[in-house]
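What follows is a short report on a single structure.
Each value in this text was obtained by applying a stated rule to the coordinates, not by laboratory testing. This one's a predicted model, so the numbers in the text were calculated from it and none came from an experiment. As a convention, Cβ positions derive from the backbone with ideal geometry for all residues, glycine included, and neighbour counts pool all protein chains shown.
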Amino acid sequence: MDDAKGAGVRIPPPVVFIFFMFCGLGLGFSYPIAIHFPVALAYTGVALSIFGLMVLLHLATLFKRVKTNIEPWKPTSRIISTGIYAYSRNPIYLAFCTIPLGEACFSAISG
């Protein structure tokens, strides 16, 4: 498989997630809501964020091992269809979703 152009991504996906995380933080500071959550939610949030980061690190090493580009704007030299990719089309985006969800759970109790 030879992908000469890549996917043509204009905005890198991590930038999109980081942008919306900062939007959420800004809204939280601008319009705080006084809701009390159980402390266990903070621990769940930390665990969820750490899980997402571990999945991202695992996938980054997987891409490096099979010698293909992880960046969606670069050409793909190999398709990965084993491991977590046997169950999900794009587990990197799923990991990107778990990190802000975990941070939201953590900040709900600590904010």
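Please compute the contact order of the stretch 55-111 in relative form: average sequence separation of alpha-carbon pairs under 8 Å and at least six residues apart, divided by the residue count, as a percent.
Details: 20 pairs, mean separation 17.1, N = 57.
Result for the stretch 55-111 is 30 percent.
With contacts taken as Cα pairs under 8 Å at a separation of at least 6 residues, the chain carries a relative contact order of 49 percent.
With a Förster radius of 35 Å, plug the Cβ-Cβ distance of residue 90 and residue 34 into 1/(1 + (r/R0)^6) and report the FRET value to the nearest 0.05. Can you show the working numbers first?
Values: r = 37 Å, r/R0 = 1.06.
FRET efficiency, residue 90 to residue 34: 0.40.
Based on Cα atoms of the stretch 13-110, Rg over Rh with Rh as the Kirkwood radius reads 1.08.
Amide H contacts of residue 76 (H built 1.01 Å from N, in plane; Pro and chain starts excluded): 3, 6 sit under 5 Å, all sequence-distant by 5 or more or on other chains. The long axis of helix 13-30 is offset from the longest Cα principal axis of the chain by roughly 10 degrees. In order along the stretch 64-71, phi translates into HN-Hα couplings of 5, 5, 8, 6, 10, 7, 8, 6 Hz, rounded to whole numbers, per the Karplus curve 6.51 cos²θ - 1.76 cosθ + 1.60 with θ = phi - 60° and x for Gly and Pro.
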